[in-house]
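Computed from the coordinates by the stated procedures, all read-outs in this text should not be read as laboratory data. Bear in mind the structure is a predicted one, so any value in this text is a computation, not a measurement. All Cβ positions, glycine included, derive from the backbone under ideal geometry; neighbour counts span all protein chains shown.
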């Protein structure tokens, strides 16, 4: 039975038209929340005189919390204690946490008190569990913080033990260990892949064959380096017969599937004609890109996205970076004549 600190021994009963004594009962109730029917064990105040149900604010609030929590667990939304734990890890107040993530302070306060977050806000807060992501958000919003707060929080992030490893998934760790990729930023890679699929959808294309997907990744990464002189995701590419391909691409695809960026379908309709199809899944990561980065990816996909895998392969075979390397070698983004 729920414990309640009653403000009064009596509640007003409309039926009795007077203050009455009451008892708390438990009963199953079904609520329609965001189009989903959720059943909970509600706690209700019941008049001892006529058995009518009475309004008791504390119980109503606790029932709502229970309802929201059950819905959140069912739909994989972040829970209040997870938000608080995350703030404590970085040693930031609700105000600072909200500023860094670019959302309202009152929003964080409500969610920690049990209110139900939207899916997009939930995903944003969940992403902050990764110190790499939180560090990037800190840099994006540093102008809104005092110098003292900024430097203190940055130091807290950097002092988290095994900053670059502990918060990676098992597959991400395997990928780093087997490729020795020091510059790869998984969060940024997810953002780029999400925007790639957003841009492809605007061309009326709903999925990508694996070969076309990896070629578009190369064109985005290499073109970005050619334009700005720096890496976009830090992803390494290797020389293969059909052109540049992300190193250990088969692990990379599983990582993206695990991160719910893509879905993968293996098709084997005919002998010797097996192929892999990639479908977009969660494209919300794209919103974390800078507008200039989003525009750049749209530009590259708009230019090359309508080409088929064979045409893209021929295009990459003309790249000096591929020409000047041998099968299996890593390809430097710097062009050497």
Sites residue 267 and residue 176 - FRET efficiency at Förster radius 41 Å, r taken between beta-carbons, to 0.05: 0.85
Scaled radius of gyration (Cα, divided by 2.2 N^0.38 Å) that the stretch 2-75 gives: 1.23
Inter-probe distance in nm under a simple model that places probes 7 Å from Cα toward Cβ, at residue 115 and residue 295: 3.4 nm
Helical contribution to [θ] at 222 nm, DSSP H n ≥ 4, -39,500 (n - 2.57), averaged over the chain, rounded to 500: -14000 deg cm²/dmol
Angle between the chain longest axis and helix 210-228 axis [Cα atoms, degrees, rounded to 10]: 80 degrees
Gyration tensor verdict on the stretch 1-155 (Cα atoms; rounded if a/c is under 1.5, prolate if a/b is larger than b/c, oblate otherwise): prolate
Helix axis angle, 186-201 relative to the chain longest principal axis, alpha carbon, degrees: 80 degrees
Pairwise FRET efficiency - residue 23 versus residue 147, Cβ, R0 = 41 Å, nearest 0.05: 0.10
Inter-probe distance in nm under a simple model that places probes 7 Å from Cα toward Cβ, at residue 16 and residue 203: 7.3 nm
Cβ-derived FRET efficiency at R0 56 Å, residue 60 paired with residue 307, nearest 0.05: 0.40
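Using Cα-Cα distances under 8 Å and only pairs 6 or more residues apart, what relative contact order does the chain have, in percent?
Reported as a whole number, the value is 12 percent.
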Helix 57-74 axis, angle to the chain major axis (alpha carbon atoms, nearest 10°): 30 degrees
For the stretch 84-162, fraction of C-alpha pairs farther apart than 17 Å, in %: 40 percent
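Can you order the peptides 294-302, 33-41 by their average number of other Cβ atoms within 10 Å per residue, highest first?
Final packing ranking: 294-302, 33-41.
Over 27 Å apart: what share of the alpha carbon pairs of the chain falls there, rounded to a whole percent?
More than 27 Å apart: 58 percent of the Cα pairs in the chain.
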